[in-house]
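A short worksheet on the structure shown next.
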Amino acid sequence: MTKADKSDKTIDAVIVGAGFAGIYMLYKLRQQGLEARIIEAGSGVGGTWYWNRYPGARCDIPSMQYSYQFSEDLQQEWEWSEKYATQGEILTYAEHVVQRFGLADGITFNSRVLATHYLGGEERWRVELDSGEEIHARFVVMATGCLSKPNYPNIEGLNEASVPVYHTGNWPHDGVDFTNRRVGVIGTGSSAIQSTPIIAEQAQSLTVFQRTPNYSIPAYNEPLDPGYVAQLKSRYAEYRQENWARGFGADFDDNDQSAFAVSDDERQRAYEERWAKGGLAFLAAYNDLVFDMDANDTAREFFKSKIAARVDDPALAEKLVPSTPIGCKRLCVDTHYYEIYNQAHVSLVDLNETPITRIEGNAIVTGTTRYEIDAIVLATGFDAMTGAVMNIDIRGENGLRLQDKWAAGPKAYLGLATAGFPNLFLVTGPGSPSVLSNMLPSIEQHVEWISDCIEFMNRHQHRSINPDRDAEEAWVEHVNEVAQTSVYPGCNSWYLGANVEGKSRVFMPYLGVPPYVEKCDEVVAAGYEGFTLSSAS
Ligand code: NAP
C-alpha cells in the first residue's frame with residue numbers, strides 16, 4: 001500500500017470531465033451536500049463544445065431541445081438565437097450554467113485523470129492525475145462524453161507531414177484561416193459536412209477525400225422566431241415531458257405510421273414536406289424507416305434524387321450517394337454541403353477507387369496521384385463511446401483492468417455501471433440510448449439516476465454498489481437483440497466501433513428511449529435489481 005492509500009481524506013466523488021454531464025453531476029451532488037470535484041483536461045468547460053471548434057460546428061438537434069431542463073428558471077431565461085445553435089453559443093451556455101449555479105470552484109482545469117484504482121476493503125477509489133496529485137473518493141463518475149477521443153487515421157507519413165494537420169475534434173482555439181491555402185479534408189461525416197462549405201469559402205482549393213459517402217439533409221438554419229419560442233416556453237416543462245415518450249427522446253414530429261400505410265404519392269409528398277423543413281426529423285416521417293429495409297429503401301431513393309438535384313455533375317453525384325441504409329450511420333444535417341462540389345476549386349477524391357497510400361511532405365498520395373496541399377483537416381471522427389474511458393487505467397476489484405474486461409467489446413449494465421468496478425458510474429455509457437437520443441435529456445436522466453442512487457446508498461448506509469454479472473450479460477444481449485431489429489448494424493459505423501482499426505465490433509448504444517427509461521425506473525423500484533449493494537466491510 002502506498003503512502004497515498006493511507007490518506008484519511010476521502011471526498012465523495014471525482015467526476016471526470018466538465019461537459020454537460022460533469023457540470024450537472026457536480027450540481028446534483030452538491031445539492032446533497034456532498035463534496036465532489038470535476039477533473040477536466042481542457043482549460044474550460046463544455047466538453048464536445050470546448051474541443052470541436054471547427055468552422056461550421058453546430059448542434060443537429062434544435063437548440064430549444066438541446067439544452068438542460070432541470071431548472072425551469074434556466075430554461076425560461078436562456079435565449080437561443082438560432083434554430084441550431086453554433087458551437088460558440090452552446091459553449092457560452094455551458095459557461096453560463098457553471099456561473100449561474102456557482103460551480104466553477106468545484107472544477108480543476110488543465111488536469112487529466114491518468115488512472116483510477118479501486119481500493120477493495122476501503123470501498124473507495126484512488127484517482128491519479130497527470131500533475132502527480134492523488135485523490136481518494138468513494139465514487140468515480142465518468143462524464144467523459146461519447147465522442148471525445150479523436151480518431152487519428154493510421155496513414156503512413158501523417159506524423160511527418162510538412163504542412164499543418166488539424167483534427168476537427170481538437171481544433172485550435174484561435175481558429176484557422178484557410179485563405180489562399182490548398183486544403184485537403186479527409187472524411188465525410190458530420191464534421192466534414194459542416195466544415196467543408198466554410199473551408200471552401202476561404203480556401204484557394206479544397207480536396208475532399210471520401211471513403212464512404214453519408215446521407216445529409218439541409219438544416220435550413222434560421223434565427224429563432226420569437227413567437228415560436230414564447231409559445232414553446234409557455235409549456236416548456238410539459239413539452240419536455242412529452243419528449244420522453246418519443247423514440248429518440250426528441251421531438252421529431254414523429255409519425256406513428258408505416259411507410260407502406262400510405263400510397264406512393266402520399267409518401268413522396270410527406271418526404272418533400274419533411275425535406276422542406278430539414279433536419280433529423282426526416283427519419284421520423286414513418287415509424288419503420290430505421291426498422292424495415294423496404295421502408296428504408298423508399299427514403300434512400302428519395303435522398304438519391306435530392307443529392308442528384310444538388311450536384312451539377314451526374315457522375316460526381318453518383319459518388320456522393322451512399323449505398324448503405326439511411327440512418328445506419330448518423331444522418332448528417334448540412335448547410336450547402338453538396339453545392340460545394342459545383343465550385344471549380346472543390347474536388348472529390350473517391351478513396352474506393354484510389355485509396356490514400358501515404359502522406360509525403362506536403363502531399364496526400366493516392367496510388368499514382370499526388371495532391372499537394374497547404375493544410376490537412378482530419379474529419380475522421382472519434383473512438384466513440386469507449387475511447388475516453390479506456391484511455392484511463394481503470395482497475396476494479398482484484399486489480400481487474402477495464403481495458404481487459406472490455407477488450408472484446410464494452411459490457412455495462414444499463415450503460416450506467418460495469419460489473420467488477422464498484423461505485424464507478426458511466427454517464428451515457430455503452431448500452432444506454434446516448435448517441436441514439438437527444439444527448440442533453442439522456443445526460444440528465446443518467447445524472448439523476450446516479451445522484452438518486454448515491455443518495456439512496458447514503459440514506460441506507462450502503463458502502464458500495466456493483467452490477468451483477470448475470471444482469472449485465474442479459475442487458476448487453478438485449479441491447480444487441482434490439483439493434484438487430486433495426487437497420488443500424490447494417491454498415492461500418494462508429495456505433496459498432498467499425499471506424500477504429502482493431503476495435504471490437506459490438507453495437508454500443510441502446511435503441512429506444514422510452515423502454516430504457518422505464519427499465520431504469522423499474523430497477524430502482526425493485527431495490528436496485530441487478531446490482532449488489534453492500535454495507536460496511
Ligand atoms: P464520423 O462520422 O465518424 O466520420 C469520419 C469520417 O472519416 C468518415 O467519413 C470516415 O470514413 C472517414 N475516415 C476515418 N478514417 C479514415 C481513414 N483512415 N481514411 C479515410 N477516411 C477515413 O466522424 P464525425 O464527422 O466527426 O462525426 C462523428 C459524430 O459526431 C457524428 O455522427 C455525430 O453524432 C457527431 N457530430 C455531430 C455534429 C452535429 O451536427 N451536431 C457535428 C459533428 C459531429 P468511413 O465512413 O469509411 O469510416
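What follows is calculated from the coordinates using simple rules that are stated; it is not laboratory data. Because the structure is a prediction, the values reported are computed rather than measured. Every residue, glycine among them, receives a Cβ derived from its backbone with ideal geometry; neighbour counts consider all protein chains shown.
Put a plus charge on the Cβ of each Lys and Arg, a minus charge on the Cβ of each Asp and Glu, and nothing anywhere else: the dipole of the stretch 331-472 about its Cα centre is then about 540 debye.
In order along the stretch 215-220, the Karplus-derived 3J(HN,Hα) couplings, from 6.51 cos²θ - 1.76 cosθ + 1.60 at θ = phi - 60°, round to 7, 9, 10, x, 7, 6 Hz, and Gly and Pro are given as x. The 3J(HN,Hα) values that the Karplus relation (6.51, -1.76, 1.60; θ = phi - 60°) gives for the stretch 324-334 are, in residue order, 7, x, 6, x, 6, 9, 4, 4, 8, 10, 10 Hz. Gly and Pro appear as x. At full extension, LYS277 and GLU360 could sit 25.5 nm farther apart than now, given 0.36 nm per residue minus the alpha carbon distance. The angle between the Cα long axis of helix 190-202 and the main principal axis of the chain comes to about 50°, on a 0 to 90 degree scale.
Seen against the Cα atoms of the chain and their longest principal axis, helix 20-31 is set at about 20 degrees.
Counting only other residues whose beta carbon sits under 15 Å from that of ALA388, what net charge do I get with K and R as +1, D and E as -1? Summing Lys and Arg as +1 and Asp and Glu as -1 gives -1. In a simple Cβ point-charge model (Lys, Arg +1; Asp, Glu -1; nothing else charged), the stretch 70-145 has a dipole of about 280 debye relative to its Cα centre. Would you work out the charge dipole size for the chain about its Cα centre, treating the Cβ of every Lys and Arg as +1 and the Cβ of every Asp and Glu as -1, and quote it to the nearest 20 debye? The dipole of the chain has a size of about 1040 debye. Listed cross-link partners LYS149/LYS503; LYS277/LYS319; LYS319/LYS503; LYS83/LYS277 are compared with a 19 Å cut-off, the Cα-Cα value being larger for LYS277/LYS319; LYS319/LYS503. Output the 0 to 90 degree angle, nearest 10, between the alpha-carbon long axis of helix 293-310 and the longest principal axis computed from the alpha carbons of the chain. With both axes taken from Cα atoms, the answer is about 50 degrees.
Projecting the Cα atoms of TYR228, GLY121, SER71 onto the charge dipole of the chain, computed from C-beta unit charges around the Cα centre, puts GLY121 farthest toward the positive end. Potential lengthening of the chain between ASP297 and ALA407 amounts to 36.1 nm, from the contour at 0.36 nm per residue minus the alpha-carbon distance.
Hey, could you get me the Stokes-Einstein D for the stretch 385-537, Kirkwood radius over alpha-carbon pairs, 4 °C and 1.567 mPa s, rounded to whole µm² s⁻¹? For these conditions, the coefficient is 82 µm²/s. Of LYS304/LYS519; LYS28/LYS519; LYS411/LYS519, which pairs sit farther than 28 Å apart, going by alpha carbon to alpha carbon? Exceeds cut-off: LYS304/LYS519. Across the stretch 395-411, rounded Karplus estimates of 3J(HN,Hα) from the backbone phi angles (6.51 cos²θ - 1.76 cosθ + 1.60, θ = phi - 60°) give 10, x, 4, 6, x, 4, 8, 4, 4, 6, 4, 9, 4, 9, x, x, 10 Hz, Gly and Pro being marked x. Close amide H contacts of SER63 (hydrogens built in the peptide plane, cut-off under 5 Å, sequence separation of 5 or more or a different chain): TYR84, ALA85.
Of all aspartates and glutamates in the structure, those lying under 17 Å Cα to Cα from LYS233, and not within fewer than 8 positions of it along the same chain, are GLU72, ASP73, GLU77, GLU79, GLU82, ASP225, GLU242, ASP251.
Of the residues ALA379, ILE394, ALA363, the one whose Cα sits farthest towards the positive end of the charge dipole of the stretch 292-423 is ILE394 (charges of +1 on Lys and Arg Cβ, -1 on Asp and Glu Cβ, taken about the Cα centre). Site pair ASN458 and LYS519 shows an inter-label distance of 2.9 nm when each label is modelled 7 Å from Cα along Cα→Cβ. If you take all other residues with their beta carbon under 14 Å from the beta carbon of LEU378, and give Lys and Arg +1 and Asp and Glu -1, the sum is +1. Quick check: Cα centre of the stretch 314-391 to Cα centre of the stretch 410-452, how many Å? Rounded to whole Å, the Cα centres lie 32 Å apart. Subtracting the Cα-Cα distance of GLU501 and GLU35 from 0.36 nm times their residue separation leaves 163.8 nm of extension gain. Remark: spin-label model distance GLN484-ALA315 equals 4.4 nm, labels positioned 7 Å along the Cα→Cβ axis. Label 7 Å along Cα→Cβ of ASN110; the stretch 22-36 residues with amide nitrogen under 13 Å? Backbone N within reach: none found.
Each part reduced to its alpha carbon centroid, the stretch 208-272 and the stretch 30-68 end up 24 Å apart.
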